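As structure tokens, the structure follows; a few thoughts come after it.
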Amino acid sequence: MATGKESIDQGEGQPGTEGVSAPLEAWLERHVEGYRGPGTLRKFGFGQSNPTYRLTASSGDYVLRRKPLGPLLPKAHAIEREYQVLRALGKSEVPVPCVKAFCDDPSLLGAAFYIMEFVQGRIFYDQRLPDSSPTERAQIFDAMNATVAALHNVDPFAIGLGNYGRSDCFLERQVALWTRQYRASEGARCAAMEQLIAWLPANLPPEQSPRIFHGDLRLDNMIFHPTEPRVVALLDWELSTIGDPLADFAYHTLVWRVGADLFRGLADLDRHALGIPEEQDYVRRYCERTGRNGISNWNFYLAYALFRVAAILQGVWRRSQDGQASSTDAAETGAKAHPLAEIGWSIARGA
């Protein structure tokens, strides 16, 4: 989101506010404890996937998140799973918003949606944190690292998520899934994607103990305390499942492997001068927090993560071509699928 700011208050969204319809008001009053209307909805300006709104009412502020309208790819936009995992993690030490209610009746908004609390704080959209000091950057990165480690330390069976996803053959199934998703939305042929589609199944590492796999661990999916370098909410659980935490963590570290032209990456920055840890130091700290003695097959995990994000962005591109994108820059974002796949294939070749 090109705001020119390092952080943005949660209240800033796209222009235009609409009133809540009478049927939706009635549903909110029945299902959201303490809700009192009238309410208004304002769409947030960020997000490529599930449209998200600030719901303002007499009883306070909430967040409404719904599936996009129109035909959807299989297993995509799993709003009901977001709601399930957020409810379960509310019992853990992982910072998540409190969910209030879920609705699968499309007659109210045209698609399923859920309501969660509005968490006040800061969202940083630029990993380079241009307005922060080196000390502040180091603290923010460490807080982010601690949050990811806390998630991967949770035993999903202990919080009622034992049936949230299959725990066996995770990477094998994920490579097959994202291959299918890519095929369903591909445009011009991408040689690097074809190479990865062949290489990844032939080089699968040993299975890890299953953990909650967030699926989109990025700085801008975390809300930080208004004044402290502390994460108060981890957002956007649409892609979550039970799986290999190292694959989740590898996706999280991709910013060290891409330049500033691809999602404001860190690869071409003077990280030492900025106070940003090096990739190996960030990985080491995660390993300390999760009780690991290093990570084997790291290049595989990075190559897989880049393949996966390229497949996701190809879906963003396809929705832009079909007129179903939830963000105005979807076509530009989706066009980054091919260069990211090329970086992934380069890493795979060096494995």
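Evaluate the following for residue 86: is it touching a Pro at 6+ places or on another chain (Cβ under 7 Å), buried (at least 19 other Cβ atoms within 10 Å of the Cβ) and either β-branched (Val, Ile, Thr) or modelled with pLDDT of 95 or more (or both)?
Criteria met by residue 86.
Looking at (1) crowded, with 23+ Cβ neighbours inside 10 Å; (2) assigned to a helix (DSSP H, G or I); (3) not small (Gly, Ala, Ser), which is the only condition residue 289 fails?
(1)
Only helices (runs of 4 or more DSSP H) wholly contained in the range 191-286 count here; list those with 2 or more residues that are under 18 Å from residue 341 (Cβ atoms) and either at pLDDT below 95 or within 19 Å of the chain's Cα centre (by Cα) (or both).
Output list reads 245-252.
Rundown of residues vs (1) among the hydrophobic types (A, V, I, L, M, F, W, C); (2) more than 18 Å from the chain's Cα centre (by Cα), yes/no style:
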{"residue": "52", "(1), (2)": "no, no"}
{"residue": "56", "(1), (2)": "no, yes"}
{"residue": "65", "(1), (2)": "no, no"}
{"residue": "68", "(1), (2)": "no, no"}
{"residue": "84", "(1), (2)": "no, no"}
{"residue": "88", "(1), (2)": "yes, no"}
{"residue": "114", "(1), (2)": "no, no"}
{"residue": "130", "(1), (2)": "no, yes"}
{"residue": "145", "(1), (2)": "no, no"}
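Among the listed residues 236, 261, identify the single one that is of a type in the set (Asp, Glu) and in contact (Cβ under 8 Å) with a residue 12 or more places away in the chain.
The conditions single out 236.
Could you check the range 55-80 and list, in sequence order, the residues that are of a type outside the set (Phe, Trp, Tyr), at pLDDT 95 or above and either closer than 30 Å to residue 182 by Cβ or not in a loop (DSSP other than H, G, I, E, B) (or both)?
Selection gives 55, 56, 57, 60, 61, 63, 64.
Each row is one residue, and each column tells you yes or no for (1) of a type outside the set (D, E, K, R); (2) surrounded by fewer than 18 Cβ atoms within 10 Å (Cβ to Cβ).
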| site | (1), (2) |
| --- | --- |
| 235 | yes, no |
| 238 | no, no |
| 243 | yes, no |
| 246 | yes, no |
| 260 | yes, yes |
| 272 | yes, yes |
| 283 | yes, no |
| 296 | yes, yes |
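Show the residue pairs that are 6+ apart or on different chains and have beta-carbon atoms under 6 Å apart, the first residue being within the range 16-40 and on the phi < 0 side of the Ramachandran plot and assigned to a loop (DSSP other than H, G, I, E, B), the second being exposed (fewer than 13 other Cβ atoms within 10 Å of the Cβ) and small (Gly, Ala, Ser).
The qualifying pairs are 36/58.
Please specify each residue of the range 198-217 satisfying the condition of being in contact with a Phe, Trp or Tyr (Cβ under 9 Å, 6 or more places away or on another chain) and either touching a residue at least 60 places away in the same chain (Cβ under 8 Å) or not assigned by TED's automatic domain parsing to the domain that holds residue 299 (or both).
199, 200, 203, 204, 205, 212, 214, 217
The values are calculated or read from the model by the stated rules, or taken from the named source; none is laboratory data. The structure presented is a predicted model; accordingly, all values stated were derived computationally and were not measured. Positions of Cβ are backbone-derived with ideal geometry, glycine not excepted, and every protein chain shown enters the neighbour counts.
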